[in-house]
Structures are given as C-alpha cells and as structure tokens.
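Asks: Once you've had a glance at the structure underneath, I'll fire off some questions.
The values are calculated or read from the model by the stated rules, or taken from the named source; none is laboratory data. Here the structure is a predicted model, which means the values were calculated and not measured. Cβ: placed from backbone, ideal geometry, glycine included. Neighbour counts: every protein chain shown. What goes into the accessible areas is simple: the full protein's heavy atoms, side chains included, and nothing from ligands, DNA or RNA. Shrake-Rupley method; radii C 1.70, N 1.55, O 1.52, S 1.80 Å.
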Amino acid sequence: MNLLRNPVAQKRWQRFKQSRRGYISAWLLLVLTTLSFGAELLANHRPLLVSYQGELYFPTFGAQHSGKDFGLDIDYEPNYRELQALFRNADEGNWVLMPPIPYGPLENDLIVGDFPPHAPSLTTQHYLGTDTSGRDVLARLIYGFRTAMLFSLVLLVFNYAIGVAIGCMMGYWGGAFDLFFQRIIEIWSNVPFLYVIMIVASIITPGFWTLLFIMAFFGWTAMTWYMRTATYKEVSRDYVMAARALGASGSRIVFRHILPNSVSTLITFVPFSVASGITALTALDYLGFGLPAPTPSWGELLKQGTENMESLWLVGSVVVAMTLILMLVAYVGEAIRDAYDPRKFSFYE
C-alpha cells in the first residue's frame, strides 16, 4: 500500500498507461493467461454440466461417471459428444453443456477413411484442425500456452531469487567474495546447458521440473551481473552511508534501501525474461529434448508442422500464436522501459 501511495510509483504507472500499445497488450496478456489457467473450461472432452432426469452432474471437476449414470448400458465413461446428440434427439428434457472446444488436448478423434492431420472444420468443431495423431490443435495450443507461461513464470522466480541474492551480495560485500563469484559466473556461463539437457534426456525422461531445474541452474547468471552493478552504484550513495552511520544492519540496508532503489532493473527485465522462457521451452520441445509426449507443447506442434508442410494449419497456428504472444510481451516490456526511464524523473540544475 505504501508503494501505491509513492508519488514516483504513481508517475510510473501513469507513464505506463500513456503507452496505449503496452497498456492494452498487458491487459490482453493478462486475460489470455487467466483464460489458459482455466483451460478445462474452454477445451475438454468432458462437459461442464450434465442434466439427467432432473439431477445435475459436473464431470469436468467432479467424479468420473459411467454410462449407466446416464441410462447407457456401458460401465465406462461415455463419449459426451455422442451423449449430447442422443439427449438432443430423444428430447426428454436431458441436456449436456460442452465447452466451446469439445475436445481434450490428449484425445484422438480419428475419421473413418481418412488419415490425420485433418483440416479445420466447423462441422467437426476442430476449428484449427487436428495434428498427426488426430488431436485438436486449438486445444493443444491453449494447454501448451498454459504450460509455457507457467514454466516461464516459475523459471523467472527461480532466476530472480538466485540472481538477485548473489548479485546483491557481490555488490554489497565486494572484495574477495565478489572476485570469487565473478570467476564462478564466468565458468558457469560457458557451460552449454543444451548439452547438459541432452545428457540428462539420454538418462531419464525430462519432465517439467527437471527442465526447470536445469534451466534455473544455468539461467541465474544474467540477472546477477545487473544486480551486482546496480548494488555497487547504490552502495556508494549518501543514503546508504547515512544508514550505516545510524547503525543499520546489512540486511536492512539491502532490503529496505538498495533493493527498492534497484526495482527498475528488476521490473524492466521481467517481460523479456518471460519471453525467453517461452522460446526456450518451445525450442527444447521442437528439438525433442523438452517435455515428454503427449504433453501439449508449442514446440511439438511446430515440429509436426515443419514435417507436414502440406498441412498449413499446423505450422500456421503455432507461428501465429507465438508471434502474437511474443509481440504482446515485447510491447509490455517497451512500456515498462519507458515508465522506468530515469530521465523522465531527473532534474538538472
């Protein structure tokens, strides 16, 4: 709350809003990310709601139901799209409410007499067609976007937590500690993490957290240099010397003085770090060293598209989606950079 009442923070927010392109992009990105985290409500082979003989069922988030629960002579889960058509033809007051995309990201929908990938069709409700396994492309795009955003945000937290902590210590303590970590970072930065991932992938099947750990293990060094420089600059200022003279501890100086005055460095790099995380995961999935099949992934769809160029909906959908998201992130980063530009709040006499 104190930050919101800060005059400088309010000016920065106003300047961010003045960048209409960045401000609108931020809202669009927030809406798309929020919708992706509720992907089960948008793309799912299970319905949102089933009404049968006056009783309501919630298959998406409730218990799994067999066909006998809906008057069918089967002990397994029914095909709810067929059940919807059956209820509609019977016209007995029963109904099924399906999501806008009535297919799950892992569901194979094969057409008799035709081989996938299938072209986009409003009749079959495959609005962007299917991939080479008959899975809905739009559903996999939505779930893949959620995975990519979650991966990049968690990776951002890890990289910032490690990089900011070590960078602040390097800049604040200096001396032998600074020199030691400079050499460590120089060595660490020259280790090709792609080879490490290839070695790990040859031993175990890399999962979400495995890839995240490896990328965070090598990705924290970039932010460390920026925070080291910013901390060195802030340590030499008068307010830090005044805090030391008043007996403030090192942790209080770092957390109450240096970090708040270095927030522009942290905030400015957030959008570009998110974009970097998305592209890194997509590249790894494209090369076959990313998330295991059949996990929905933009990289895996892109690989299918490049191998089936006659099916333009495959490669086109992924390229358009990635271009849109990365463009929105770039516009947000541009607006943040302008909002935190120190020249907008500096006065010279």
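Asks: Find out how many positive minus negative residues lie around Tyr331, taking Lys and Arg as positive, Asp and Glu as negative, among other residues whose Cβ is under 13 Å from that of Tyr331.
Replies: The answer is +1.
Asks: Can you give me the relative contact order of the chain as a percent, contacts being Cα pairs under 8 Å and 6 or more apart?
Replies: After rounding, I find 21 percent.
Asks: If you don't mind, there's one more thing I want to ask. Using alpha-carbon positions, what is the distance between the centroids of the range 1-56 and the range 103-156, in Å?
Replies: The range 1-56 and the range 103-156 have Cα centres separated by 23 Å.
Asks: Mind pulling the angle between the C-alpha long axis of helix 270-287 and the longest principal axis of the chain? Nearest 10 degrees, somewhere in 0 to 90.
Replies: 50
Asks: Working from Cα positions, state the angle (0 to 90°, nearest 10) between the long axis of helix 80-90 and the longest principal axis of the chain.
Replies: 40
Asks: Ok, one more. Roughly what % antiparallel, to the nearest 5, for the DSSP beta bridges in the chain?
Replies: Counting only bridges with both partners in the chain, antiparallel ones make up about 90 percent.
Asks: Sticking with this structure for a sec: How large is the convex hull of the Cα atoms of the chain per residue, expressed in Å³ as a whole number?
Replies: Per residue, the Cα convex hull of the chain comes to 211 Å³.
Asks: Would you tell me the accessible area of Leu110, worked out with a 1.4 angstrom probe on the heavy atoms of the protein chains, in Å² to the nearest 10?
Replies: 110
Asks: Which semi-axes, in whole Å and largest first, does the equivalent ellipsoid of the range 18-140 have when worked out from the alpha carbon gyration tensor as the square roots of 5 times its eigenvalues?
Replies: Largest first, the range 18-140 gives 31, 21, 12 Å.
Asks: Which whole-number percentage describes the relative contact order of the range 196-286, with Cα contacts under 8 Å and a sequence gap of 6 or more?
Replies: Here the relative contact order equals 24 percent.
Asks: Mind pulling the angle between the C-alpha long axis of helix 221-235 and the longest principal axis of the chain? Nearest 10 degrees, somewhere in 0 to 90.
Replies: 40
Asks: For the chain, what does -39500 (n - 2.57) per DSSP helix run (n ≥ 4), summed and divided by total residues, give at 222 nm, in deg cm²/dmol to the nearest 500?
Replies: Mean residue ellipticity at 222 nm (helix-derived): -19500 deg cm²/dmol.
Asks: What number results when the radius of gyration of the range 96-178, computed over Cα atoms, is divided by 2.2 N^0.38 Å?
Replies: Taking N as the residue count of the range 96-178, the ratio is 1.93.
Asks: Hey, got the dipole for the chain? About the Cα centre, +1 on K and R Cβ, -1 on D and E Cβ, debye to the nearest 20?
Replies: Charge dipole of the chain: 2320 debye, to the nearest 20.
Asks: Hey, got a sec? Which GluC sites (Glu not before Pro) in the range 1-108 land in a DSSP loop and have at most 13 other Cβ atoms within 10 Å?
Replies: Glu92
Asks: On to the next question. In square angstrom, what is the accessible area per residue of the chain with a 1.4 angstrom probe?
Replies: 55
Asks: Here's another thing I want to ask about it. Mind grabbing the accessible area of Ile74 for me, 1.4 Å probe, Å², rounded to tens?
Replies: Approximately 40 Å² of Ile74 is accessible to the 1.4 Å probe.
Asks: The range 276-302 to the range 171-243: how many Å between their Cα centroids?
Replies: 24
Asks: Can you pull out the GluC sites (Glu not before Pro) in the range 216-311 whose DSSP state is coil and whose Cβ has at most 13 other Cβ atoms within 10 Å?
Replies: Glu310
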